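K.L.:
The structure is given below, and queries will be raised subsequently.
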Number of protein chains: 2
Amino acid sequence: MTRAGDIQIDTGLGVTAPKGFRAGAAACGIKKTGAPDVAVLVCETDAQAAAVFTQNRVVGAPVLVSRERLSRGRAMRGIVVNSGSANACTGEQGLADAHEMTRLAAKRIGCAPDQMLVASTGVIGKALPMEKVKKGIQAACAALASGPEADEAFARAIMTTDTRLKQAGAQVQIGGRAVTIAGATKGVGMIAPNMATTLGFLATDASVEAPLLQAMLCRAADATYNCLTVDGHTSTSDTLVLMASGGAGAEPVREGSPEAETFAAALAAVCESLARQIVADAEGGTKVIEIRVTGAASEAEAHRVARAIADSPLVKCAFFGEDPNWGRIVSAAGAAGISSGPETMRLMLGGVVIFDRGAPVAADAKRLETIMRAHEIAVHLDLGAGTGEARCLTCDLTDEYVRINAHYTT
Amino acid sequence: MTRAGDIQIDTGLGVTAPKGFRAGAAACGIKKTGAPDVAVLVCETDAQAAAVFTQNRVVGAPVLVSRERLSRGRAMRGIVVNSGSANACTGEQGLADAHEMTRLAAKRIGCAPDQMLVASTGVIGKALPMEKVKKGIQAACAALASGPEADEAFARAIMTTDTRLKQAGAQVQIGGRAVTIAGATKGVGMIAPNMATTLGFLATDASVEAPLLQAMLCRAADATYNCLTVDGHTSTSDTLVLMASGGAGAEPVREGSPEAETFAAALAAVCESLARQIVADAEGGTKVIEIRVTGAASEAEAHRVARAIADSPLVKCAFFGEDPNWGRIVSAAGAAGISSGPETMRLMLGGVVIFDRGAPVAADAKRLETIMRAHEIAVHLDLGAGTGEARCLTCDLTDEYVRINAHYTT
């Protein structure tokens with residue numbers, strides 16, 4: 001059995017690192033900057049596929065199309081993606097455009113349209129410029145290739161306000177064969193953990209049947225992507241897809257087997273790396289803050305409290321100011337609908353206890369200062385009421401976040 | 001019967017405008033700036049009293065003390081307040097200090113300590129400098145007076161990062177006598193609507209028994225203070241107090257009578273004015289945004305959606321940027337756990353429909369620009385699913401909010 005901690009992550013591995021995958025990208029002018037904005041990821045053979053989508057009631061047309069296709073259980077051949085426009089809240093036209101994107105890509109690749117998935121990210125509420133998108137898909141398909149350059153081209157083309165491309169991969173042994181799981185992700189704003197947050201595309205050359213693949217992806221997403229929050233705002237477009245080609249030639253991974261454990265651990269480690277890369281590149285963010293809540297009356301309560309702390313603008317601003325203003329953390333927890341009170345709470349910043357059972361603890365100011373100055377800060381709140389646990393990965397709130405989001409669309 | 005719309009609000013009326021009340025304030029050095037930080041409001045005679053407090057599970061010592069005293073139903077004589085330190089999360093010492101504040105004030109005024117209420121606002125987690133506070137209470141009691149100057153001194157002494165003093169009053173006829181309701185409030189950050197948000201002190205010279213006073217105050221707070229959100233963070237110190245002296249000589253207000261309706265309408269109008277003054281002075285805020293949600297499956301759903309929109313940093317930043325980025329509003333609603341979808345939604349900005357049943361509506365760009373440039377902006381989202389309604393008053397999110405809150409304590 002392999003645990004997540006044993007997995008070596010390589011951020012040089014991208015979507016085409018697993019055998020059987022090719023990727024291509026192009027700039028077609030959806031983005032005014034001229035940056036790449038269309039990408040295609042293709043499996044040479046039929047691939048088992050799994051995905052998790054946003055739980056938002058308002059979803060983009062691509063989510064509707066991809067969700068419906070995956071629900072039929074058919075093997076998939078690839079996914080076509082655009083950035084710069086989310087194709088969400090675009091009515092019937094948006095749905096027709098999403099279908100058209102898969103048709104165009106399927107035609108070039110030589111598969112049935114319903115074997116292609118589709119994802120879009122960017123501004124909500126604008127129709128896609130389909131003439132441009134058509135040319136973009138053709139160019140991206142013409143550029144299909146494997147290797148680090150293709151990986152990077154794909155990862156760049158899915159970016160919106162991201163400042164860095166985000167990819168991660170891992171290799172594990174399954175039945176004596178090296179199997180690779182790798183992928184790319186994007187997202188820096190409109191990030192909140194209600195299922196797959198943002199876009200993520202994972203590929204593997206392991207052989208895994210779709211139902212098991214889906215179960216493992218859900219588990220990995222719950223432990224990683226769904227612990228993210230940049231601004232508490234769940235997007236309409238969140239999509240995390242995993243395709244398995246079986247190209248490594250390893251035996252199929254069976255449910256409940258040691259191989260399944262190994263695969264799940266590698267998948268979780270890759271997702272964790274991608275999720276951390278998102279928070280580290282969060283819009284305007286300068287720090288990564290990991291909030292751990294323990295001792296809650298239930299797991300649901302732990303999640304609620306971790307999320308309330310992570311989403312409090314006051315807490316986030318204090319971290320930006322490197323100010324150990326712990327009263328904001330305790331008051332955010334208190335307002336989150338908890339069954340216990342301050343008299344059982346214990347709060348630690350970077351391992352230093354600063355509030356214990358209703359009263360402040362005189363902490364070493366110099367040590368606290370050092371903790372607050374670090375790029376990564378650990379917050380641990382024990383509610384002292386039960387065994388519920390949860391964690392949340394977030395960032396600070398800065399004037400740069402406001403600047404970016406006050407002037408993003410029109 | 002008098003409706004809220006008929007009530008004339010006078011922001012020149014403060015806590016001593018109703019007959020029978022005096023106020024005093026002093027600067028004792030809790031605030032490093034030397035600004036006034038202790039205030040006392042006293043009723044010459046026994047007053048019926050009502051209050052609503054924060055629903056945060058972590059509350060300041062003054063909330064514990066005042067809540068307990070009011071629960072006994074005894075007539076009150078006044079309230080002692082300090083700003084600059086919230087006396088919250090301060091353990092046993094904090095509780096002793098809150099009791100001591102009421103003892104010191106009661107001694108000067110000549111009443112029993114348990115006839116005094118207490119409230120504190122400011123930084124959480126620091127013990128009060130009681131030597132300074134003692135001198136402050138003595139000075140504030142020595143300065144007790146009635147009239148506009150005393151009103152203003154009281155309203156200033158309760159401010160923290162407020163840039164403006166906030167007071168409002170109204171006069172109505174009860175049984176042929178002029179009755180006044182007036183008060184002062186504070187608060188610009190850590191503002192979210194879970195019961196009385198921030199501090200508010202109301203006085204009236206009407207004659208109203210405590211149980212009816214309490215019922216009317218709850219109703220008024222629900223419709224006004226509890227619709228506020230600046231940053232979605234409910235404070236540990238929220239307290240809204242109303243004291244009735246009966247000094248106007250009017251007949252007692254009876255439950256269910258036309259006089260009770262008149263009084264309730266005036267009380268609601270005063271609370272509405274104070275609540276709007278809070279949002280208008282919100283930390284860093286440049287705009288007042290009123291979010292109305294109608295057509296929800298239930299009132300609870302309407303509240304949840306209004307609050308989700310009002311607390312979305314993305315929505316708030318878009319308003320700061322004067323950008324009609326309505327996709328953020330629709331996606332915030334969609335993520336709030338609603339039973340309906342975009343196909344029944346209709347969104348209006350300043351009365352202009354921009355999203356209707358799943359698709360964008362081509363709106364007059366010039367008109368939208370004018371709407372977004374205004375200081376007050378009305379957002380109306382109809383979910384098209386039922387009869388549930390709610391509203392939320394909020395502000396935009398600006399770089400100034402971040403600046404203030406990144407550098408507030410240590």
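K.L.:
Could you count how many residues in the stretch B:378-410 are within 26 Å of A:CYS317 (Cα to Cα) and either away from chain A (no Cβ under 11 Å) or in contact (Cβ under 8 Å) with a residue 40 or more places away in the chain (or both)?
P.N.:
16
K.L.:
Among B:ILE291, B:ILE309, which is the only one that is touching a residue at least 60 places away in the same chain (Cβ under 8 Å) and more than 14 Å from every other protein chain (Cβ to nearest Cβ)?
P.N.:
B:ILE291
K.L.:
Still on this structure: Among the residues that make up the stretch B:70-80, is at least one of them without any contact (Cβ under 8 Å) to a residue 40 or more places away in the chain and either among the aromatic types (Phe, Trp, Tyr) or more than 19 Å from B:LEU128 (Cβ to Cβ) (or both)?
P.N.:
Kept after step one, since they are without any contact (Cβ under 8 Å) to a residue 40 or more places away in the chain, are these residues of the stretch B:70-80: B:71, B:77.
Still in the running and either among the aromatic types (Phe, Trp, Tyr) or more than 19 Å from B:LEU128 (Cβ to Cβ) (or both): B:71, B:77.
Taking every residue of the stretch B:70-80 in turn, at least one turns out to be without any contact (Cβ under 8 Å) to a residue 40 or more places away in the chain and either among the aromatic types (Phe, Trp, Tyr) or more than 19 Å from B:LEU128 (Cβ to Cβ) (or both).
K.L.:
Next up: Just wondering, is there one or more residues in the stretch B:110-117 that are in contact with a Ser or Thr (Cβ under 9 Å, 6 or more places away or on another chain) and either buried (at least 24 other Cβ atoms within 10 Å of the Cβ) or under 27 Å from A:ARG357 (Cβ atoms) (or both)?
P.N.:
For the stretch B:110-117, residues in contact with a Ser or Thr (Cβ under 9 Å, 6 or more places away or on another chain) and either buried (at least 24 other Cβ atoms within 10 Å of the Cβ) or under 27 Å from A:ARG357 (Cβ atoms) (or both): present.
K.L.:
Tell me whether the stretch B:59-78 contains one or more residues that are touching a Cys at 6+ places or on another chain (Cβ under 6 Å), β-branched (Val, Ile, Thr) and within 14 Å of chain A (Cβ to nearest Cβ).
P.N.:
No: zero hits.
K.L.:
Now, a different point. Condition first: more than 14 Å from chain A (Cβ to nearest Cβ), touching a residue at least 40 places away in the same chain (Cβ under 8 Å) and under 30 Å from B:THR161 (Cβ atoms). Now tell me which residues in the stretch B:110-131 satisfy that.
P.N.:
Answer for the stretch B:110-131, where residues must be more than 14 Å from chain A (Cβ to nearest Cβ), touching a residue at least 40 places away in the same chain (Cβ under 8 Å) and under 30 Å from B:THR161 (Cβ atoms): B:MET116, B:LEU117, B:VAL118, B:ALA119, B:PRO129.
K.L.:
For the stretch A:28-58, give me each residue that is within 14 Å of chain B (Cβ to nearest Cβ) and of a type in the set (D, E, K, R). Working first, answer last.
P.N.:
Going through the stretch A:28-58, the residues within 14 Å of chain B (Cβ to nearest Cβ) turn out to be A:53-58.
Hit for the stretch A:28-58 is A:ARG57, nothing else.
K.L.:
May I pose another question? Given the criteria aliphatic (A, V, I, L, M) and crowded, with 23+ Cβ neighbours inside 10 Å, does A:VAL288 qualify?
P.N.:
Details: aliphatic (A, V, I, L, M): yes; crowded, with 23+ Cβ neighbours inside 10 Å: no.
No; evaluated as a whole, the condition is false for this residue.
K.L.:
Quick one: would you say A:ARG219 is touching a residue at least 24 places away in the same chain (Cβ under 8 Å) and in contact with a helix residue (DSSP H, G or I) (Cβ under 9 Å, 6 or more places away or on another chain)?
P.N.:
The answer is yes for A:ARG219.
K.L.:
B:ALA168 passes all but one of (1) part of a loop (DSSP other than H, G, I, E, B); (2) touching a Ser or Thr at 6+ places or on another chain (Cβ under 6 Å); (3) within 25 Å of B:GLU290 (Cβ to Cβ); which number fails?
P.N.:
Result: B:ALA168 fails condition (1) only.
K.L.:
Of all residues in the stretch B:79-97, which are more than 14 Å from chain A (Cβ to nearest Cβ) and among the aliphatic types (A, V, I, L, M)?
P.N.:
Matches in the stretch B:79-97: B:ILE79, B:VAL80, B:VAL81.
K.L.:
How many of the residues in the stretch B:123-138 are of a type in the set (Lys, Arg) and more than 28 Å from B:ALA406 (Cα to Cα)?
P.N.:
2
K.L.:
Taking A:LEU314 and the conditions (1) assigned to a loop (DSSP other than H, G, I, E, B); (2) modelled with pLDDT under 90; (3) not aromatic (Phe, Trp, Tyr), which numbered condition does it fall short on, given that it satisfies the others?
P.N.:
(1)
K.L.:
Name the single residue, out of those in the stretch B:322-355 being facing another protein chain (nearest Cβ under 9 Å) and in a strand (DSSP E or B), that is surrounded by the fewest Cβ atoms within 10 Å (Cβ to Cβ).
P.N.:
B:ILE354
K.L.:
To continue, here is another question. Just to be sure, is B:VAL253 within 20 Å of the chain's Cα centre (by Cα) and assigned by TED's automatic domain parsing to the domain that holds B:THR185? Spell out how you get there, then give the answer.
P.N.:
On the way: within 20 Å of the chain's Cα centre (by Cα): no; assigned by TED's automatic domain parsing to the domain that holds B:THR185: yes.
In short, no.
K.L.:
Of all residues being assigned to a helix (DSSP H, G or I) and touching a Ser or Thr at 6+ places or on another chain (Cβ under 9 Å) in the stretch B:228-263, which is farthest from the other protein chains (Cβ to nearest Cβ)? Just the residue, please.
P.N.:
Step by step, filter the stretch B:228-263, then rank; the result is B:PRO258.
K.L.:
Would the stretch B:193-203 turn up any residue that is assigned by TED's automatic domain parsing to the domain that holds B:MET159, out of contact with any strand residue (DSSP E or B) (no Cβ under 8 Å at 6 or more places or on another chain), on the phi < 0 side of the Ramachandran plot and not small (Gly, Ala, Ser)?
P.N.:
Checking the stretch B:193-203: at least one residue is assigned by TED's automatic domain parsing to the domain that holds B:MET159, out of contact with any strand residue (DSSP E or B) (no Cβ under 8 Å at 6 or more places or on another chain), on the phi < 0 side of the Ramachandran plot and not small (Gly, Ala, Ser).
K.L.:
Does B:VAL279 meet the test of being touching a residue at least 12 places away in the same chain (Cβ under 8 Å), buried (at least 19 other Cβ atoms within 10 Å of the Cβ) and in contact with a Phe, Trp or Tyr (Cβ under 6 Å, 6 or more places away or on another chain)?
P.N.:
no
K.L.:
Then there's this: Given the residues A:LEU368, A:LEU381, A:LEU393, which is the only one that is buried (at least 20 other Cβ atoms within 10 Å of the Cβ), farther than 19 Å from A:GLY189 by Cα and either among the small types (Gly, Ala, Ser) or not assigned by TED's automatic domain parsing to the domain that holds A:GLY189 (or both)?
P.N.:
Values: A:LEU368 fails: buried (at least 20 other Cβ atoms within 10 Å of the Cβ); A:LEU393 fails: farther than 19 Å from A:GLY189 by Cα.
On inspection, the qualifying residue turns out to be A:LEU381.
K.L.:
Among the residues of the stretch B:93-104, are any within 24 Å of B:ALA170 (Cα to Cα) and crowded, with 20+ Cβ neighbours inside 10 Å?
P.N.:
no
The values are calculated or read from the model by the stated rules, or taken from the named source; none is laboratory data. Just so we're clear, the structure is a prediction, and the values are computed from it rather than from any experiment. Note that we place each Cβ from the backbone using ideal geometry, even for glycine, and neighbour counts take in every protein chain shown.
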